[in-house]
Every structure is written in C-alpha cells, then in structure tokens.
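J.: Have a look at this one.
The values are calculated or read from the model by the stated rules, or taken from the named source; none is laboratory data. Nothing here was measured: the structure is a model prediction, and the numbers come from that model. Every residue, glycine as well, gets a Cβ built from its backbone with ideal geometry; the counts of neighbours run over all protein chains shown.
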C-alpha cells in the first residue's frame, strides 16, 4: 500500500521541488518577486478559467486548469514557508483534520442521512469551533470579495438553515413584485439613492427566487449573458449580410434581425 501511495504522491513531491526552485536563489525573476498581494488577481483569474474548463467538458483542459489553480495555492504556501509560518504539507494536514472533524457521520458515530442533515451538523460544528468571534454568526466567513449574486445566495442559504426563510416560492414571487413596485415609486420620485437601493433589493429578491427553485443565480445570469451575446453576434452577422453596418442600423431593423435569430434557435 505504501508503494502505491508513494507513486501517487510522486507528482506532488516533484511539483513542490519545482516551485521551491522557481522561488529560490537563481530561480525565475518573475516568480521570486511575487507576493501574497500580487498573486491575488491570478488566483481569481485562474479560478474562473477552471470553471470555464469544467463547462467545456474537455477533461484535458480541466486537468490543465486544475494545475494552474494548484500552482497559485503552492506559491501562497511557499511564501508562507519562506516566512517560517507554515508549509504546504501543514495546509494539507490541517484540511484533512478539519474534514474528519466536520464529518462525524463518516468518521464518528453521529447520524446524518440527508444532505440537509449534513449541512446542519457542519454549521453547528463550525459555530462551536469559532465561538466568540465573528464566525459565531451563521453568516460568518462569507468572503467580502465574493461576486454579489453568489454572496447573496450564500447568505440566503445560510439564513435558511436556521429557518429564516419564506415558507414557499409564492411568497418569494410576491416579494419580487413588491420590489418592482418600490423601484417604480423611486423612479417616479427621481430619488437616485433610493433607486439604487431598490434595484439592489430587487436583485436580492430575484436571487432568493432562484435559490427556492434550486437554481444558482450566478450560473443562470452567466447563461443569460451568453445567450444574449450569441444572439447579438447573430444579429450583427445578418445585418452585415445585407450590406449594412450594425452601428448605423436603426432599432426597428435590429429588432427584426434579433427576432429572426431567435426564430432560428427555435427551429
């Protein structure tokens, strides 16, 4: 068994050596000058590229992008190791311990037979671990820089776990309609501050509707944006085929071509 484990870990060991060489004396000037702050945008960008790879369905691309995200994690860990604070191995060990601790239904004698029961136990254990700090709140630990739609859905999901939620989707839709009315009222009064607030409330209520339907709001909006962009490009292509520039085409003509593109999708 140990031989199998050694073969499986060979890639990790080599990767750690490569990263250490890149950051060490005589290594890569670019890698050596990176800091935790300069690496932040790369970690975000690589994470989004990983999601694109998952959506592509291409396993080779998926493997490559997983590696790129792992590189960012290894660079962060290497910098902390250089500061004599912790190593990548300590990161992995701490994660393993946390997974065991927060899955007592697998590694202990606690019963949890549904995903909902697992999440309830997870939150209770997490709250006990962080008692007395900001993490004691059910909403504690939600990242500040999380995309707004994702953050809204995460907060709503956390609140729902302790029963702070609409009993059914009809109540959520009523709230959406209420927010639309309030947005119209703010527009009629020309109150820019309130308009901004009402738009935020409207978006928040729509995210709540998505959550009640079991739909990820971020993914739904991404898909809608992708459909719009694809249809818009199709509209531009049709307009140019008639020898007209999209920039000089009137709205009525653009609507005609837009409808034609949608009709082609249906066929």
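J.: Among the helices (runs of 4 or more DSSP H) confined wholly to region 78-135, which include 2 or more residues that are within 26 Å of residue 37 (Cα to Cα) and within 26 Å of the chain's Cα centre (by Cα)?
T.: Fully inside region 78-135 and qualifying: 88-101.
J.: Can you tell me how many residues in region 29-44 are free of Cβ contacts under 8 Å to residues at least 12 places away in the same chain and outside any helix (DSSP H, G or I)?
T.: Number satisfying all stated conditions: 0.
J.: Quick check on my filter: what residues within region 251-267 are under 15 Å from residue 230 (Cβ atoms) and touching a helix residue (DSSP H, G or I) at 6+ places or on another chain (Cβ under 8 Å)?
T.: Residues satisfying the conditions are 257, 258, 260, 261, 262, 264, 265.
J.: Separate question: What number goes with the only condition from (1) outside any helix (DSSP H, G or I); (2) in contact with a helix residue (DSSP H, G or I) (Cβ under 8 Å, 6 or more places away or on another chain); (3) more than 24 Å from residue 218 (Cβ to Cβ) that residue 166 does not pass?
T.: Looking at each condition in turn, residue 166 falls short on (3).
J.: Has region 169-190 got at least one residue that is buried (at least 18 other Cβ atoms within 10 Å of the Cβ), closer than 30 Å to residue 127 by Cα and either modelled with pLDDT of 95 or more or assigned by TED's automatic domain parsing to the domain that holds residue 260 (or both)?
T.: Yes, that holds for at least one residue.
J.: Also, I was wondering about something else. Going by the structure shown, is residue 166 under 30 Å from residue 127 (Cβ atoms), more than 22 Å from the chain's Cα centre (by Cα) and not assigned by TED's automatic domain parsing to the domain that holds residue 48?
T.: yes
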